[in-house]
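The values are calculated or read from the model by the stated rules, or taken from the named source; none is laboratory data. It should be emphasised that the depicted structure is a prediction, and the values quoted were computed from it without experimental measurement. When we count neighbours, we look across all protein chains shown, and the Cβ atoms used for this are built from the backbone with ideal geometry, even at glycine. For the accessible areas, the whole protein counts, side chains as well, though only heavy atoms, and no ligand, DNA or RNA atoms are used. Shrake-Rupley method; radii C 1.70, N 1.55, O 1.52, S 1.80 Å.
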Amino acid sequence: MTHPRGSASKTAALSAALSGAVDLSALKARAEAPQKQPPAPPRPADGGAPGAPATAGSVIDVTEATFQAEVVERSLQQLVVVDLWAEWCGPCKQLSPVLERLAAESGGAWVLAKVDVDANPRIAQLFGAQSIPTVIAIGGGQPVDAFSGALPEPEIRKWLGSLLDALRDRLPGIQAAEENGGGVEVPEDPRFTEAEEAFERGDFAAAQAAYERILDVEPANEEAKTALAQVKFTARAEAAGPDAIAKADADPADLDAQLAAADLEVAGQQPEAGFARLIAVVRRTAGDERNKVREHLVALFELFDSADERVMKARRDLASALY
């Protein structure tokens, strides 16, 4: 399980599809003769002066001909963020200037490689991009993370910061830039700070309200969704009381007692026991009662990584109990 702030990445599905599954060097062989031309000269980011140390080369236009040198080979030294865009794409016009400005601020910790997908369709095909804008982080010659759509700047800063932290020991360009004062600062979101402080002092109602306010404004905020689920679970588990399991075992027909006992077992690092308890209840109930237990169990699953073997087994057992 995770602490409320430790949410699953919004880009997990796209990242998993790309990471380790894309051979970037293949593009070199597929490109046509013009690929032997020298790489396109870098252009400074918006607001930067040509040749300025912090911005020169921070944004480059990449084609199929220059992709191998400017993205694959460059990524062996520094993080390369590929921006798949098109002139007709409205969200691209919102996202690209933000990426360009952040690249200029990084002092060389990473470089933005802009790809016009209309002029360079094979690059988009290589990544299997289903929509634009799509942004892919390349490190050490392979994709390491990605997202699609125009994310808010604070989320992009956080995404970049986590990438630079993860790749610092592998890419010397990141270390050199940080020694010279470059990098990406990740500002704290005061809304999350408020919620986390309430959670830490045990005020679960205030923490829940804070996360719900975030979701009222940003319904798709996965971090807030995950945190809210964790807060609700923690509040239930603490309210269950230390004798919840004994009460449930003494009265198998008491549905609420079974739910409380399962919460307590999961909180006590015995998720298999909690899952098995509720699956057994599903097997012996029907109608609204069965649906209530099923929904409670699925909510418990969401507290864990979807690839957790215990969750995967319990999902299979639940499907067997239902059908």
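For the stretch 241-282, count all C-alpha to C-alpha pairs, find those more than 15 Å apart, and express that count as a whole percent of the total. Please list the in-between numbers first.
Details: 232 of 861 pairs.
Result for the distance tail: 27 percent.
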Honestly the stretch 69-118 on the Cα gyration tensor test (a ≥ b ≥ c root eigenvalues; a/c under 1.5 rounded, otherwise a/b vs b/c for prolate or oblate) is just oblate
Residue span residue 247 to residue 312: 0.36 nm per residue of separation minus Cα-Cα distance leaves a gain in nm of 20.6 nm
Taking 0.36 nm per residue of separation between residue 284 and residue 322 and subtracting their Cα-Cα distance, the length gained on full extension comes to 12.7 nm
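What full-extension length gain, to one decimal in nm, is calculated for residue 203 and residue 168 as 0.36 nm per residue of separation minus the Cα-Cα distance?
Full extension from residue 203 to residue 168 adds 8.9 nm.
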Highest mean packing first, using Cβ neighbours within 10 angstrom, the peptides 266-273, 281-288, 115-122 sort as 115-122, 266-273, 281-288
Binned at 5 Å starting from 0, the alpha-carbon pair-distance distribution of the stretch 129-180 in whole percents comes out as 4, 18, 25, 23, 17, 9, 3, 1
Scattering profile of the stretch 229-323 from the Debye formula, Cα beads only, expressed as log10 I(q)/I(0) at q = 0.23, 0.24 Å⁻¹, is -1.24, -1.33
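Per residue, how much accessible area does the stretch 66-211 have with a 1.4 Å probe, in Å²? Don't skip to the end; give the middle numbers.
Working: 6040 Å² over 146 residues.
Result: 41 Å² of accessible area for each residue.
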In nm, the gap between the two label points placed 7 Å beyond Cα toward Cβ at residue 193 and residue 213 is 1.4
